[in-house]
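Below: the structure, in structure tokens.
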Amino acid sequence: VLSSLPLQMMLYFNVYYLPVWCLSEGMMLQLKYHLLPQHYQFLLVAAFLILSLVEGSRLYLGYVGNLQEK
């Protein structure tokens, strides 16, 4: 079984777009943070952190799995 070149290319570009997404999402969160009720503030920060961690781990596991043909 060989590594998938299209998957590797998508992972490669996604690694470079992830910091851009995190930066823009963080800036939008900062701009609207004080306008929201406290429970929405907590939910937005929690969702942002969870999505960032999950996306980072997904990219890492995709790289490792694709390059090691797993």
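Provide a single number: the residues in segment 1-26 that are open to solvent by less than 50 Å² (accessible area, probe 1.4 Å) and part of a helix (DSSP H, G or I).
6
Could you run through segment 39-70 and say how many residues are in contact (Cβ under 8 Å) with a residue 24 or more places away in the chain and small (G, A, S)?
The number of residues fulfilling the criteria is 3.
Look through L61, L29 and report the one residue that is of a type in the set (A, V, I, L, M), open to solvent by less than 60 Å² (accessible area, probe 1.4 Å), in a helix (DSSP H, G or I) and on the phi < 0 side of the Ramachandran plot.
Working: L61 fails: open to solvent by less than 60 Å² (accessible area, probe 1.4 Å).
Every option except L29 fails the conditions.
The values are calculated or read from the model by the stated rules, or taken from the named source; none is laboratory data. Note that the structure is a prediction, hence the values are computed from the model and not measured. As a convention, Cβ positions derive from the backbone with ideal geometry for all residues, glycine included, and neighbour counts pool all protein chains shown. These area figures cover heavy atoms from the full protein model, side chains too; ligands, DNA and RNA do not enter into them. Shrake-Rupley method; radii C 1.70, N 1.55, O 1.52, S 1.80 Å.
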